[in-house]
Structure formats: C-alpha cells, structure tokens
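Okay, structure first, notes after.
Rule-based calculations on the coordinates, nothing more; no lab input. All values reported here derive from a predicted model rather than from experimental measurement.
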Amino acid sequence: MVSVSVGASVPVVLLVDDNAKMLQALRETARSRSYQIITTTSPGAALKVLRTQAVAVLVVDEVMPEMSGLELLGIVAKEFPAIGRIVLTGHATVELATQAINQVRVHSFLQKPCKASALRAAIKALLKTPPPAEADQPKTPTSDAVRDRDAITGLYTRQALERLFREQPSAPAGRLDCVIYADIDRLHLINEAHGFEYGDEPH
C-alpha cells in the first residue's frame, strides 16, 4: 500500500512499516507542516517510490517480512546516498546499532516507542542539513543520539548502555544476553607518551 500527498515545494518524508496500524500511528507522530509525508507498507513499494520521485528523508521500521529495515536502508545508501536515513526499532541492541551506523550508515537510530518530538527533531535535522552525497559519509548519526556514542568507534558509551538496559525489557526465554566491559589501565600514559592518535589506533 502506498499513500501519497505531496506538495511541489515541500520536502518529502517517506515512512515505511509493514503494519498498517503502526504506520498510521507513525504518520501521526511524524506529522509536521515543514514537510509532506508518503507512507508505504513494504520495502519493495518504498524502492519504487524512491525511484520515481524525490524523497528527502526515509524513516523505516527495522523488523519487516520482505526485508529488514537495515537491508532496505543499505540499498538506499548505495542508490540514493543523499537521502536522510532513520531507523526505528523496538529491539535495540549494541550489535544492531553498530551495524546501523557503521555498515548501513543511518543518520538516526531511534528506539520505539519514540517520542513525537524526537522523531520530528531527527527529521528536521536532516532536512536542515542534508547528508553528503559522497560514498564516504560520516560514521555517526546526525541526531541527538550522537552524544550517546563514542566519536571514534561509533559504539554506545557506558552511560548510554546503562540507560538502554534500564529501558529494555528482560530477554525472551531461552536467550542469554551479556555485556563485556573492558577498561585499559593507565591509557593516559600511552596518550601522553605517544599522542592521542596513537592511543586511538587499534593494536
């Protein structure tokens, strides 16, 4: 299903979710006078829209039967690198966030249910400062989530992880999750002796 209502002089935001009710709720959440909204209920339909008209920002649900949201965004990153990419997920993990940022290069990674203000702010940030069209795009998202990630690795900071685990429900029965936290003793001595660039390099 595709829903289109586009004005010629207003940027277009495409929302993708296979659940029609969730898509309608998402549309209400993202509603703004600053842009027009198109909705589709499948990644395939989303690609058809992207290949026939200009879209400024793409917002996708991560879990969909045809292909995952990250798979869709991976295709979009290659074919339409100038489109802002936002992924929504109800099952945020460090692995998923790392893949989203470093491999698919999403610009915002939001956990569902997200606040309307957070989603609209992420969309408007991308409309205000569109991502570069070059293949070598930033490895961190251009959103409020930036403060939650290490500037070098793109991974969650300890504070962000602690907050994420407080907000997440318990793991499903039969699945074990663990977190390994490693600290390097006296790293400041390495930085002082050889410089911060040396300390940041993998060894």
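Figures for the structure shown
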quantity	calculated
Angstrom value of the Kirkwood radius, inverse mean 1/r, which spans all Cα pairs in the range 16-108	13.4 Å
Spatially proximal lysines relative to Lys78 (Cα-Cα < 16 Å; intrachain offsets below 8 disregarded)	Lys48, Lys139
Amide hydrogen neighbours beyond the local backbone of Ile38, cut-off 5 Å, H modeled	Val13, Leu14, Leu15
Amide H partners (placed H, <5 Å) of Gly84, local residues excluded	Val57, Leu58
